[in-house]
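Structure first, commentary second.
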Amino acid sequence: MDSEETYLAALKDKACELVETAMRNAQDSLRGLQPAQDEQSGKETDNEVKNIAWLSGQDFTVELGKKQIEEYVSTWEFHESWLYCTDFLREEEIEFNKLFHYRMRWSIPTCRKPIPRATACVYFTIKVSKIKPPTLPVDVFYVFESNRLVHRPGQTRFREKWLKDIIESKLIMINSITF
């Protein structure tokens, strides 16, 4: 074989390897669509997005807001190794609402590394209306660090992968920095 044939053979091997990796990744992604197939086969699946009964505007306090956020997060499905802490950040007053901002930091400490190298944050905002009747529940929304998508309780199903992706991207960045 001359060098061009060797190059083409190596290129073909690399292309096959990339295709196999892409196929494996596609299969892993399609496993997330399994509930649709389960429904066709007669199996019942739990597709309900969980929520809690949120406080009314008149009953809201900063501490109760924190407890409600933690109660809501307890409906999420995640591995028991995850730990989190919730902090109240600030109160913001705007024309028709009061906004209460909270940060929930997530990590997976281990016996070997009790202090994690990276954490992932979820930022919650509780909106108490000044103009709506005070008996109505507060509005709640949250965003994951480094993402713009706004999630609302009862409308979005939590994915543990979102936290893992944040931590993984931080670790990649940390490892790329040399001192």
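The values are calculated or read from the model by the stated rules, or taken from the named source; none is laboratory data. No experiment lies behind these values; they were computed from the predicted model shown. Don't worry about glycine lacking a Cβ; one is built from the backbone with ideal geometry, like all the others, and counts go over all protein chains shown. When the accessible area is computed, the model is the full protein with side chains, heavy atoms only, and any ligands, DNA or RNA have been set aside. Shrake-Rupley method; radii C 1.70, N 1.55, O 1.52, S 1.80 Å.
Numbers at a glance
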quantity	calculated
Checklist (1) of a type in the set (D, E, K, R); (2) surrounded by 15 or more Cβ atoms within 10 Å (Cβ to Cβ); (3) touching a residue at least 12 places away in the same chain (Cβ under 8 Å) applied to Arg157, failing item	(2)
Pairs, first within 30 Å of Pro137 (Cβ to Cβ) and open to solvent by 60 Å² or more (accessible area, probe 1.4 Å) in region 96-116, second assigned to a loop (DSSP other than H, G, I, E, B) and not acidic (Asp, Glu), C-beta under 9 Å, six or more apart	Phe96/Lys130; Phe96/Ile131; Phe96/Lys132; Lys98/Phe60; Lys98/Lys130; Arg105/Thr119
Count of region 117-133 residues which are assigned to a loop (DSSP other than H, G, I, E, B) and buried (at least 17 other Cβ atoms within 10 Å of the Cβ)	1
Test: residue in region 148-167 that is under 12 Å from the mean Cα position of the chain (by Cα), assigned to a strand (DSSP E or B) and of a type in the set (Ser, Thr, Tyr)	no
Thr125, sole failed condition from (1) within 16 Å of Phe100 (Cα to Cα); (2) touching a helix residue (DSSP H, G or I) at 6+ places or on another chain (Cβ under 9 Å); (3) not aliphatic (A, V, I, L, M)	(2)
In region 138-151, the residues that are open to solvent by 20 Å² or more (accessible area, probe 1.4 Å) and either closer than 30 Å to Ile172 by Cβ or at pLDDT below 95 (or both)	Phe141, Val143, Glu145, Ser146, Asn147, Arg148, Leu149, Val150
Candidate set: region 55-88, residues that are among the aliphatic types (A, V, I, L, M) and either free of Cβ contacts under 8 Å to residues at least 24 places away in the same chain or outside any loop (DSSP other than H, G, I, E, B) (or both); chosen: the one surrounded by the most Cβ atoms within 10 Å (Cβ to Cβ)	Ile69
Which listed residue, of Arg112, Arg117, is modelled with pLDDT under 95, touching a Leu at 6+ places or on another chain (Cβ under 7 Å) and farther than 18 Å from Trp54 by Cα	Arg117
